[in-house]
Amino acid sequence: MKNKFLKATLAITMVAALFSSCKPKNSGDVVSGDAAQKAYVAPGKYDEFYNFVSGGFSGQVSVYGLPSGRLLRVVPVFSVDPQSGYGFSEETKPMLNTSHGFVPWDDQHHTELSQTNGEVDGRWLFANANNTPRIARLDLKTFKTAEIIELPNSAGNHSSPFITENTEYVVAGTRFSVPSDNANGDVPINTYKKNFKGYLSFVKVGKEGQMDIAFQIEAPGVNFDLSHAGKGKSHGWFFFSCYNTEQANTLLEVNASQKDKDFIMAVNWKKAEEYIKAGKGKKVSTKYAHNTWDEKTHTAKSEIRNEVLVLSAKELKDICYMIPCPKSPHGCDVDPTGEYIVGSGKLAALIPVFSFDKLQNAIKNKQFDGEYDGIPVVKYEAALHGEVQKPGLGPLHTEFDGKGNAYTTFFVSSEVVKWDIKSLKVLDRVPTYYSVGHLCIPGGDSRKPFGKYLIAYNKITKDRYLPTGPELAQSAQIFDISGDKMQLILDFPTIGEPHYAQAAPADLIRNNGQLKFFKIEDNKHPFATKGEKEAKVVRNGKRIDVYMTSIRSHFASDNIEGIKLGDEVYFHVTNLEQDWDVPHGFAIKGADNAELLIMPGETCTLKWTPEKVGIFPFYCTDFCSALHQEMQGYVRVSPAGSSVPLTFSLGTNLPATK
Ligand code: RUQ
Ligand code: CUA
């Protein structure tokens, strides 16, 4: 017993030593003369690329320009955002609904742009939520979250939201295996091996982007970490890295680092589709939310669904195969040709590269090494193209430049290493500051990468910026990769913690039909007020609906009386502006939620329950005109039994003359 404990402690120390980062050697002057010029985008000029960066524990997605590193926008996705009213306005609250009720936060790790024929197409961006498993779709015409779907039977949705080459599916895999939703989950944790399962979700994406869980695959209870779709010749397959194949339920840093090899699970989703057609799926009852944003009513709707179709990997022997992969693999990346699959074992001293053709042969010729929990295990050598020897320490993620090169990040040795996919020779290495996680090359996981820049997303910044107390911003670094040698050209801090990011040529997004304002005549919000003359205040028992408009530089109405304690007041503010970049804000003293930021042509609702008798000013928060400071109004709140009549006015309620 004591001995076991000692062994465990020793192992922890070893793993900890291995996993703490070291400062890169030769961290001296790596920025050479023309770096500034390469990252410089003159004032008034546009960047070449949009960069969509995951926000990690911020729950949001931020958008930067490349190569300038300028922050263009933060799009609220999984966390409430008081600045825009996301998650606070009545219209947006349903977006954050789940089977657990309203969840105001999540942990957002990966972004993925929609693709057509394996190329980034600029329509949508998908984003995963790690904590309460969900996938979001952002509409890149409006830069708004358009849809969120929850994933049943799952926990820790990490290997997501990777997509197939025509955006047929976006996937999600369980990082924390758990008992399935309809099983009795009240079991001892140490019955993990028996009761815990991993689920992979295949979410169908429709023509307009609408998401729907087509099916789930019940898989062994391991930790699914990352994934990527096959492309070209391997289209029809998906690859998921998995660790904790030891199936430990405690002290994973030791107990899940025992085996020399874990797995990449290859999933034949075309085969899975055939089984579904043949009726092999089981309908399983569960509960998950599906939330959609309606552009016409400017309102979200949340629906709870009750059923999901499940295929068993164990029963259907030819939809999943395990490929042994050293050791505790994290990243799982497929090269632009679809032939090479790169597994990055965090604790491995090499990078294995698998061949899709060899994998197919191995499956055909049954070159198996037994089974893992009922799933055939392909012989390592049979699927292996080769290994990159001594690449660095702690490999995590790989992207591609479309010229036959791969670029892998190394967390422990803090570097990006460039290597040749076919010959597996290391070609170049550059230090990062410090402990790089993900990296991004525009289009770098598609069939058509734009191999000009590489951005490294670092977990630790230490001494790179002026100190800001105990916490320093995470950071990104841009490298010019157009030549043989990688060249560092810029550092820039990021919002939250960046994990994966994607980038697309600026024109693809800029010319995709960017929406500049919402047409007021198309506004189908039930409480829209389409002209000042229609502004009114309506009492219905204790409910007060304020139909309000905003236009430079006043609200209609701006004097409201007759509100009583105990009333629930709904301010439905319609922004009448029909011009680009003229939002109005709305805030009222003492409100316990946030402001509204109403886009031109949109209607937003703030719910307010006054707690005190008195006069409550409201005002516009967004500096919209020279008379923005005049854009204000008053609400009078009287005691519950008061006889003050309900009145509302604009410009007429002048002081009584004597
Ligand atoms: S992760 S730093 Cu959450 Cu994608 Cu690898
Ligand atoms: Cu409207 Cu300031």
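Miscellaneous remarks
- Packing around the peptides 646-656, 346-356, taken as the average count of other Cβ atoms within 10 Å per residue, puts them in this order, highest first: 346-356, 646-656.
- Computing FRET efficiency as 1/(1 + (r/R0)^6) for Asn512 and Asp484, where r is the C-beta to C-beta distance and R0 is 41 Å, gives about 0.75.
- Per residue accessible area in Å² of the range 121-202, where ligands, DNA and RNA are left out and the probe is 1.4 Å: 28 Å²
- Once the chain from Leu427 to Lys207 is taken as fully extended at 0.36 nm per residue, the excess over their C-alpha distance is 75.0 nm.
- Only protein heavy atoms count here; on that basis, with a 1.4 Å probe, Arg464 has an accessible area of about 80 Å².
- Axial C-alpha extent at least 18 Å, average Kyte-Doolittle at least 0.5 - helices from the chain (DSSP): 2-19
- Taking the inverse of the mean 1/r over every pair of distinct Cα atoms in the chain gives a Kirkwood hydrodynamic radius of 26.7 Å.
- Most to least packed among 281-294, 404-417 [average Cβ atoms within 10 Å]: 404-417, 281-294
- Volume per residue for the range 151-302 equals 139 cubic angstrom (convex hull of Cα atoms).
- With 32 Å as the limit, the listed pairs Lys93/Lys542; Lys270/Lys459; Lys277/Lys422; Lys141/Lys462 have Lys270/Lys459; Lys277/Lys422; Lys141/Lys462 beyond it between alpha carbons.
- Selection from Ile276, Phe616, Val644 lying farthest towards where the dipole of the chain points positive, charges on Cβ: Ile276
- Whole-percent carbon and sulfur share, accessible surface of the range 520-649, 1.4 Å: 52 percent
- Ellipsoid fit via the Cα gyration tensor, the range 520-649: semi-axes of 24, 15, 12 Å, each the root of five times an eigenvalue, largest first.
- Report note on the peptides 162-168, 126-132: ranked by the mean count of other C-beta atoms within 10 Å, highest first, their order is 126-132, 162-168.
- Computed over the chain, relative contact order equals 12 percent, with contacts defined as Cα pairs under 8 Å that lie 6+ residues apart.
- Under the simplified labelling scheme, the Tyr634-Lys317 pair shows an inter-label distance of 8.3 nm, with each label point 7 Å from Cα along Cα→Cβ.
- Rounded accessible area per residue of the range 520-649, 1.4 Å, Å²: 46 Å²
- Spacing of the modelled spin labels on Glu471 and Lys379, each 7 Å from Cα toward Cβ, amounts to 5.2 nm.
- Taking every protein chain into account, the accessible area of the range 409-475 amounts to 37 square angstrom per residue (probe 1.4 Å).
- For the pair Glu307 and Asn653, label points projected 7 Å from Cα toward Cβ lie 5.4 nm apart.
- For Leu72 and Lys607, the FRET efficiency from 1/(1 + (r/R0)^6), where r spans their Cβ atoms and R0 equals 45 Å, is about 0.90.
- Only Lys, Arg (+1) and Asp, Glu (-1) charged, at Cβ; the chain dipole about Cα centre in debye: 1080 debye
- Dipole orientation for the range 520-649: of the candidates Ile563, Gln629, Asn523, Ile563 has the Cα lying most toward the positive pole (charges on Cβ; Lys, Arg +1; Asp, Glu -1).
- Carbon plus sulfur fraction of accessible area for the range 268-384, probe 1.4 Å, in percent: 50 percent
The values are calculated or read from the model by the stated rules, or taken from the named source; none is laboratory data. Source: prediction; values computed, not measured. Neighbour counts are summed over all protein chains in view; Cβ atoms, including those assigned to glycine, are modelled from backbone coordinates with ideal geometry. Each accessible area value is taken on the protein alone, full model and side chains, heavy atoms only, with ligands, DNA and RNA left out. Shrake-Rupley method; radii C 1.70, N 1.55, O 1.52, S 1.80 Å.
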